[in-house]
Amino acid sequence: MNESATYSVVLSGNLKSGFELEPVIHGFARLFKIPPEKASRIIGTEFVVKRDVELQVAKSYKEKLSGIGVEVLLKRDGGVEELALEPVHSPDSADDAQSAPLGAEEMICPKCALKQPKAEECSGCGVIIAKVLQRAIPSADAEIVSQVVEPANIYKAPDSELIDATREDTQFAGFWIRVGASLIDTILVLAITMPLLTMIYGSEYWAGERLYYGVWDLLFSYVFPALAVILFWIYRSATPGKMLCKIKIIDVNTGRPPSTGQSIGRYLGYYVSTIPLMLGIIWVAFDKRKQGWHDKIASTAVVKIPRS
């Protein structure tokens with residue numbers, strides 16, 4: 001077997017003997033730091049967990065996944081002509097012939113794990129090898145693949161964009177630092193809108209008692225600031241004030257940046273937080289995760305950015 005080859009780690013879709021589905025799903029979710037509902041969509045299907053890794057790393061993946069009850073195939077990259085799969089059986093359950101190293105002209109069926117001479121069809125279960133591999137390595141659901149990351153404690157540090165909001169050491173941004181960030185944002189917005197509104201309506205605009213002076217008042221005072229805030233949340237996970245204060249918004253369930261829907265919902269949630277005597281904003285000071293009502297509505301949280 002060529003030790004310099006790279007391998008794909010593929011879930012066979014089966015559980016190992018003696019394991020129940022629900023604990024396996026939760027074990028998989030913990031290992032890859034994804035929600036259990038995402039794990040449930042992966043377990044029970046043929047799914048590529050990792051591509052293009054060295055054999056030793058692939059075996060480490062297999063060992064960890066096997067430990068939580070998932071049956072794993074290791075496929076050598078390069079297509080059917082270079083097919084060389086590691087057995088899915090554990091060493092203590094495989095016979096000597098099956099556990100011996102593969103010869104240059106041998107393969108192991110990705111369906112039934114039978115070692116045999118290389119061929120287009122498996123001599124044991126009769127499957128077409130190429131078709132099985134095509135199903136085992138799909139183009140993949142981008143939403144799922146994007147959330148399956150390498151086990152952080154084993155191979156490398158997790159994606160720096162991800163923050164596990166369930167960890168006790170996660171630093172949620174408190175009330176006063178968020179007040180400071182909001183003040184910075186307010187000053188920046190006023191620095192842009194005040195000259196424009198003064199130019200359009202004159203200095204009496206600021207001394208007047210009217211709530212609405214016209215369409216430009218509506219646009220510069222409400223619409224444009226709202227769009228700017230939402231776009232900053234979507235693309236930077238923070239407004240300029242939050243960036244200066246080294247805090248950002250995350251999806252509290254996944255640790256990822258908030259989605260467009262969450263960002264819009266969070267902004268609208270500000271009205272819910274502010275209307276009843278600012279109680280939803282003050283709630284940040286007392287909440288365990290420092291969530292305001294607008295955060296709870298949008299399933300978001302504000303966290304301190306970890307030092308790199």
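Limited to segment 280-308, what total is found for residues that are more than 16 Å from residue 174 (Cβ to Cβ) and of a type in the set (S, T, N, Q)?
Residues that pass the stated criteria total 2.
Filter segment 216-241 down to the residues that are open to solvent by 80 Å² or more (accessible area, probe 1.4 Å) and of a type outside the set (D, E, K, R) and list them by number. Reasoning before the result, please.
Restricting attention to segment 216-241, the residues satisfying the condition of being open to solvent by 80 Å² or more (accessible area, probe 1.4 Å) are 216, 222, 224, 227, 231, 235-236.
Result: 216, 222, 224, 227, 231, 235.
Does segment 171-185 hold any residues that are touching a residue at least 40 places away in the same chain (Cβ under 8 Å) and open to solvent by less than 80 Å² (accessible area, probe 1.4 Å), and which are they? So that I can check it myself, show each step before the final result.
Step one: list which residues in segment 171-185 are touching a residue at least 40 places away in the same chain (Cβ under 8 Å), which gives 171-175, 177-178, 180-185.
Scanning segment 171-185 gives 172, 173, 174, 175, 177, 178, 180, 181, 182, 184, 185.
Inspect segment 226-245 for any residue being within 19 Å of residue 186 (Cα to Cα), part of a loop (DSSP other than H, G, I, E, B) and touching an Asp or Glu at 6+ places or on another chain (Cβ under 9 Å) and give the result as yes or no.
yes
Would you check which residues across segment 256-298 are touching a residue at least 24 places away in the same chain (Cβ under 8 Å), open to solvent by less than 40 Å² (accessible area, probe 1.4 Å) and assigned to a loop (DSSP other than H, G, I, E, B) and list them?
Answer for segment 256-298, where residues must be touching a residue at least 24 places away in the same chain (Cβ under 8 Å), open to solvent by less than 40 Å² (accessible area, probe 1.4 Å) and assigned to a loop (DSSP other than H, G, I, E, B): 258, 291.
Exactly one of (1) open to solvent by less than 80 Å² (accessible area, probe 1.4 Å); (2) in contact (Cβ under 8 Å) with a residue 40 or more places away in the chain; (3) out of contact with any Leu (no Cβ under 7 Å at 6 or more places or on another chain) is unmet by residue 253. Its number?
(1)
Quick check on my filter: what residues within segment 7-19 are over 21 Å from residue 76 (Cα atoms) and touching a residue at least 40 places away in the same chain (Cβ under 8 Å)? Let's see the steps before the verdict.
Within segment 7-19, the subset over 21 Å from residue 76 (Cα atoms) is 15-19.
Selection gives 15, 16, 18, 19.
Of all residues being farther than 19 Å from residue 232 by Cβ and not polar (S, T, N, Q) in segment 262-280, which is modelled with the lowest pLDDT? Just the residue, please. Working first, answer last.
At the first step, the residues of segment 262-280 found to be farther than 19 Å from residue 232 by Cβ are 272, 274-280.
Then drop every residue that is not not polar (S, T, N, Q), which leaves 272, 275-280.
Numbers: 272: 94, 275: 90, 276: 87, 277: 91, 278: 93, 279: 95, 280: 95.
Going through the qualifying residues, I end up with 276.
Can you pull out every residue in segment 186-210 that is open to solvent by 50 Å² or more (accessible area, probe 1.4 Å), under 29 Å from residue 262 (Cα atoms) and either not aliphatic (A, V, I, L, M) or not in a helix (DSSP H, G or I) (or both)?
186, the sole residue that qualifies.
Pick from 72, 10, 57: which is surrounded by 15 or more Cβ atoms within 10 Å (Cβ to Cβ) and at pLDDT below 85? Can you show your working first?
On the way: 72 fails: at pLDDT below 85; 10 fails: at pLDDT below 85.
Only one candidate passes the filter, namely 57.
Which residues, counting only those in segment 13-38, are among the small types (Gly, Ala, Ser), open to solvent by less than 50 Å² (accessible area, probe 1.4 Å) and over 10 Å from residue 70 (Cβ atoms)?
Matches in segment 13-38: 29 only.
Give the number of residues within segment 26-60 that are hydroxyl-bearing (Ser, Thr, Tyr) and either farther than 25 Å from residue 77 by Cα or in contact (Cβ under 8 Å) with a residue 60 or more places away in the chain (or both). Write out each step before concluding.
First, the residues of segment 26-60 that are hydroxyl-bearing (Ser, Thr, Tyr): 40, 45, 60.
Narrowing further to those that are either farther than 25 Å from residue 77 by Cα or in contact (Cβ under 8 Å) with a residue 60 or more places away in the chain (or both): 40, 60.
Looking only at that region, the number is 2.
The values are calculated or read from the model by the stated rules, or taken from the named source; none is laboratory data. All values reported here derive from a predicted model rather than from experimental measurement. Please note: Cβ atoms are built from the backbone with ideal geometry, for glycine as well, and neighbour counts cover all protein chains shown. With ligands, DNA and RNA removed, areas are computed over all heavy atoms of the protein, side chains included. Shrake-Rupley method; radii C 1.70, N 1.55, O 1.52, S 1.80 Å.
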